[in-house]
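A short write-up of the structure that comes next.
The values are calculated or read from the model by the stated rules, or taken from the named source; none is laboratory data. The model shown is predicted, which means the values in this text are computed figures rather than measured ones. In this analysis, Cβ positions are derived from the backbone assuming ideal geometry, glycine residues included, and neighbour counts consider all displayed protein chains.
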Amino acid sequence: MYTVVAEDADESTVAALEELVIKYAPQVLDGVASRTADPGRNRDDPATGTPSPEPSASATAATTASVTAGTEGSDRARSDAEKAKNAKPDELLELINGLLADHKDDGVYAAAFADAMGPEGMMELAYTINQQRQQQTENLPAYDPNDPDAEYVTRWQQTEDAWLSAQATLSICLGTATNSSAWTPQHRTDYAKILSELLADESQSYYMPLGFNLLLRGANRSATNILSHGEPMASAGGVFNKYFLQDLVSAATAHEQTGDGLPAWQSQRMKTPSPEGAVGDWDPMAGILTAMGRQPDAALDFLAPPVDDRATEQTVEVDGTTWEWLKGRDWDSTSFEALTAAIAGASEHRQLTTGTKDERAAWITEQAVVDMAGRKDGLWTDTSRQNAAVVLANSMQEVDESANETENSRKDSAFNGSLPAGWEGYHPDEVKKLLQETLKDDVALQTVSAAAGRYTSLRLDDALDTLPADSDDSEDSGYSSLKAASALIVQKLEPDGRLLGYIQGAAEKGRDDDGEQLDATNQMLLDAFDDGVYSTAATVAGAAGPAWGGTARNIAQSYLVAALQKPVAGASGWSDVQDYGMSEAVRRHFLVEAYVKLDERGLLPAGVYEGVEDKAYTGFDAWMKRDAAGNSYLYAAALLSDPDHMGQFVGWLTDDPDLAGVNLRDGVPAVKAFEAGHDAGGA
């Protein structure tokens, strides 16, 4: 049975419909059963009068098996919950990383486990897991008689990873429960209410705020939701139902804004002479905001709600009350990670829609970039930099305008028409300052650079798509189209070079690298830019159109996973930055992009793929490949990863007679623009 509601339906509408389905579904099923026993007239197909077939034996068996599996899952979950309450540390770790991990995505199991533990039990269990992690890593013996060859550092990391994985699993389990059909909307609300009441009750155990935060955030406060150690692509925490988060944040803000004296979590923290962790570890808003970073709808609705829910994209006005309150709160580096996570989540809505989401996302990212740019250095961590990088990457149209000192996104073009709503103001100083801080982190640098590559590549594709088709199939007509496309590419690569240079200059200023480290950073930036450029091939030649906006979290996730698998800067073993210098490397990369774009559109003369006597070039097959139909094409990845291939390519540009007269060989405008952008970004 499916219930279909409008995308923008409010919580009360969704809740009412869910309640109706839950209330009447048993009666509907009973009615189906009775009609099976005594079908009557309604059993016939109303269109044909043909009797409907009886349920097959396999369908009946599948239904029975599903019900049985659900019952068994609930029973197993309740049994596991009882074990968790009484388990010794090693037993607890085995239980959570075993049975609970195996069923953490099962809605029936997760709901039953969360119910059996209860809100208080879940908070206590989250706290216990963290305590065991700290105790076991702090007291790890220097020698393990059962594994005498294992190094201490290795055993320490394995212990740390195992408990962090358990922390993540518990959070994921609760997130699954909040989204499970096994919980009615009312039950979900009641669960959130009890959690909130436990936080506000100072008679409870002092560590309840710690447990609450751990339960919501899991193993870290990253919007990417990637566990930074252990298995690649493992989630760091749960993805919670947006209405569950709304219930929690409503209670937390009401308690803090209307209560007398200190919030309960601060009072609880002062009960212990040596409070554990940072202040932000106790602040419930840190847990909620982290979870919102992984639930963009909840983040946007909390940070940038409309004044009027009935507003359209032309009339929408954002209620800035919540944002003003958040700005005025005290943030340490821990809770600031959570705040940046929520902003990153909201920024995922910077993609063109027919509703008000992209307008509201533009508003909150503009406010946040201005605010974050003014935050002191000591507040920043690698996690908050990565979160902020997601915001900047999703705001590439404004980064581009800052780099090029012009409002490019306001110009009339199909590409600009595909962009989401933009900022109301122009903030080049704040954008530059935030880039200089954010790009100190490798993943942040790669995220922003890859987004810039994708943005500029889509913009160039759009420009090339505006060229008129060949008037005929003659050689002169094809050559005319090639010259027109080449001239357009030279023109359009100039702002692209400026944007790349701006990002590189900001990174160089913020990181203060020099020598080999600077070369490694620049290579990493250039490789990531190429990743973005060549991620757009599917949009070329008749595809659905440019897919821009709201993809930065996925980009950041890919680089985090790559860092876990191979924590080495740069995608390839060869560094053209080190061999040629940055400006020359940029020139060659832009040349490769230009000729690949021409190649994709079939604008290169057939003769360019042939050497002497109209035979295929020999020795070029690594980068001048043939598809299944025997047609030659340029393979960018091979050109960009091998110095011999790049040398062949440069020689081909100079020597092939069919390329004579095509004004792309030097790429000087783009390189000069890159150098100017570097100076501006590093100022």
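Here is how the numbers come out for the structure above:
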{"quantity": "Residues of region 134-192 satisfying the condition of being touching a helix residue (DSSP H, G or I) at 6+ places or on another chain (Cβ under 8 Å), over 26 Å from residue 120 (Cα atoms) and buried (at least 16 other Cβ atoms within 10 Å of the Cβ)", "calculated": "159"}
{"quantity": "Complete set of residues in region 284-337 that are among the β-branched types (Val, Ile, Thr) and touching a Phe, Trp or Tyr at 6+ places or on another chain (Cβ under 6 Å)", "calculated": "318"}
{"quantity": "Helices (runs of 4 or more DSSP H) contained entirely in region 224-325, each with at least 1 residues that are of a type in the set (A, V, I, L, M, F, W, C), within 16 Å of the chain's Cα centre (by Cα) and surrounded by 21 or more Cβ atoms within 10 Å (Cβ to Cβ)", "calculated": "284-293, 296-303"}
{"quantity": "Top-ranked residue of region 52-84 - restricted to ones that are surrounded by 13 or more Cβ atoms within 10 Å (Cβ to Cβ) and at pLDDT 95 or above, ranked as nearest to residue 167 (Cα to Cα)", "calculated": "84"}
{"quantity": "Hits in region 95-124 (condition: among the aliphatic types (A, V, I, L, M) and either surrounded by fewer than 22 Cβ atoms within 10 Å (Cβ to Cβ) or over 25 Å from residue 209 (Cα atoms) (or both))", "calculated": "95, 99, 101, 108, 116"}
{"quantity": "Members of region 606-637 that are part of a helix (DSSP H, G or I) and either in contact (Cβ under 8 Å) with a residue 40 or more places away in the chain or surrounded by 12 or more Cβ atoms within 10 Å (Cβ to Cβ) (or both)", "calculated": "606, 607, 608, 609, 636, 637"}
{"quantity": "Some residue of region 638-650 being touching a Gly at 6+ places or on another chain (Cβ under 6 Å), without any contact (Cβ under 8 Å) to a residue 60 or more places away in the chain and surrounded by fewer than 16 Cβ atoms within 10 Å (Cβ to Cβ)", "calculated": "no"}
{"quantity": "Residue satisfying all of: in region 143-166; among the small types (Gly, Ala, Ser) and modelled with pLDDT of 95 or more; nearest to the chain's Cα centre (by Cα) among these", "calculated": "165"}
{"quantity": "From 271, 242, residue being touching a residue at least 12 places away in the same chain (Cβ under 8 Å) and under 28 Å from residue 385 (Cβ atoms)", "calculated": "242"}
{"quantity": "Region 577-605, residues that are in contact (Cβ under 8 Å) with a residue 12 or more places away in the chain and more than 33 Å from the chain's Cα centre (by Cα)", "calculated": "579, 603, 604, 605"}
{"quantity": "Selected residue (only one of 216, 227, 174 is touching a strand residue (DSSP E or B) at 6+ places or on another chain (Cβ under 7 Å) and either within 20 Å of residue 101 (Cα to Cα) or at pLDDT 95 or above (or both))", "calculated": "227"}
{"quantity": "Residue selected from region 366-419 under the condition under 23 Å from the mean Cα position of the chain (by Cα) and among the hydroxyl-bearing types (Ser, Thr, Tyr), by the criterion modelled with the lowest pLDDT", "calculated": "418"}
